[in-house]
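Before any comments, here is the structure.
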Amino acid sequence: MRLKWFAIGNKRRDEALSILDKLIASFYHNYGVQPLTDLFLKYKNELENSRKSTSVILSRMNSELSRIFMQNEIRLTEEQSKLLKDLRHL
């Protein structure tokens with residue numbers, strides 16, 4: 001589902017949570033991506049429990065995500081790359 005950048009916060013939040021769930025599940029037992037898994041779990045929890053703007057939370061996540069990719073040699077599958085691209089476009 002492709003959402004506009006100005007979509008209602010709850011729809012964006014729900015879509016982000018759905019994508020995060022898929023990404024986390026795809027990393028199951030892949031310890032080489034632990035920093036990435038930890039980041040996704042952290043922001044999934046924040047999206048579920050925070051009243052902060054979804055846009056602000058996703059923006060912070062994208063900043064941290066860039067840092068993790070620069071510091072670690074993480075390789076993603078084609079499906080993981082697609083999910084991550086969808087998440088970053090929310």
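Some notes on this structure:
- Angstrom value of the Kirkwood radius, inverse mean 1/r, which spans all Cα pairs in the chain: 13.3 Å
- Qualifying GluC sites (Glu not before Pro) in the chain, DSSP loop, other Cβ atoms within 10 Å at most 12: E73
- In nm, spacing of pseudo-spin labels at A25 and E73 (7 Å Cα→C-beta vector): 3.1 nm
- Here's the list of lysines a cross-link from K82 could span, going by alpha-carbon distance under 19 Å and ignoring same-chain residues fewer than 8 apart: K4, K22, K44.
- The chain - mean residue ellipticity at 222 nm from DSSP helices (-39,500 (n - 2.57) per run, n ≥ 4, rounded to 500): -23000 deg cm²/dmol
- Cleavage-rule hits, trypsin sites (Lys or Arg not before Pro), the stretch 58-90, DSSP coil, Cβ neighbours within 10 Å at most 11: R75
- Contact order, relative form, for the chain: 44 percent (alpha carbon pairs under 8 Å, 6 or more residues apart, mean separation divided by residue count).
We did not get these values from a lab; they are worked out from the coordinates using the rules stated. Quantities reported herein were computed from a predicted structural model and do not represent experimental measurements. No Cβ is skipped: glycine too gets one built from the backbone with ideal geometry, and neighbour counts run over all protein chains shown.
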